[in-house]
1. Could you check the spin-label model distance between GLN96 and VAL117? Points 7 Å from the Cα along Cα→Cβ, value in nm.
2. Dividing the convex hull volume of the Cα atoms of the stretch 11-75 by its residue count, what figure in Å³ per residue is obtained?
3. Would you mind counting up the charge near ASN55? Only other residues with Cβ under 10 Å from its Cβ, with Lys and Arg at +1 and Asp and Glu at -1.
4. Using the Cα atoms of the stretch 41-82, I'd like the radius of gyration and the largest Cα-Cα distance, Dmax, both in angstrom.
5. Around ALA120, under 9 Å between beta carbons, what's the net of Lys plus Arg minus Asp minus Glu among the other residues?
6. P(r) tail for the stretch 46-115, what percent of Cα pairs lie past 20 Å?
7. Can you work out ³J(HN,Hα) from phi for every residue in the stretch 38-54, in order, using Karplus 6.51 cos²θ - 1.76 cosθ + 1.60 and θ = phi - 60°, giving whole Hz and x for Gly and Pro?
8. GluC sites (Glu not before Pro), restricted to the stretch 24-112: which are DSSP loop and have at most 14 other Cβ atoms within 10 Å?
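Read the figures in this text as sums done on the coordinates, not as results from a lab. All values reported here derive from a predicted model rather than from experimental measurement. Positions of Cβ are generated from backbone atoms using ideal geometry, with glycine treated the same way; all protein chains shown enter the neighbour counts.
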Amino acid sequence: MKLFEIATPSLYLRSHNKHAPSTLVRPGQSPSPLTAKVEGCLEKGRPEGRLSRGNSIFLQGQPVGVAPYIYLVKPIGLLERGSTGWIKMLISNDVQDQPLIDMWVASYWAGADCPTVPGAWEYRAQQVQIIRLVGGTSMQRKTEKWDWLKAV
């Protein structure tokens, strides 16, 4: 595959904040929801030159999830991806086997697909530019209950 043939997928930001199109969003406005233990394992195993999870904006490849606002975004700067399957392994297994934990962490940072949860990716960006609002609870129509007795 040639460099110009590599396409960045459409990426989406879930947010609790309302943003206008063209707004630049920087880390700190999109916190990671993981526990300190898991984040500590991932940070300890982070290779030099990779984006720190604590200083990243987390994106997803589908406009899904529960959030007031879901935006289509354009990443600016470095963009990396990791399989959330490895994170799920770290969260759900109370394993004391350090070599196994180290393997899961290394696989996450290497961008390897997790065989137990294939195709589940999270994307990390240095910053993003808002393209447009595409979903979220703020777009759900609020309807009033129909009172059949008063309508008759």
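1. 2.5 nm
2. Per residue, the Cα convex hull of the stretch 11-75 comes to 100 Å³.
3. Charge balance near ASN55 sits at +3.
4. Every Cα atom of the stretch 41-82 included, Rg and Dmax give 12.5, 35 Å.
5. Net charge in that neighbourhood comes out at -1.
6. Of all Cα-Cα pairs in the stretch 46-115, 41 percent lie more than 20 Å apart.
7. Once θ is set to phi - 60°, the couplings for the stretch 38-54 become 5, 4, x, 4, 5, 5, 4, x, 5, x, 4, x, 8, 5, 5, 5, x Hz.
8. Of the GluC sites (Glu not before Pro), the ones in loops of the stretch 24-112 whose Cβ has at most 14 other Cβ atoms within 10 Å are GLU48.
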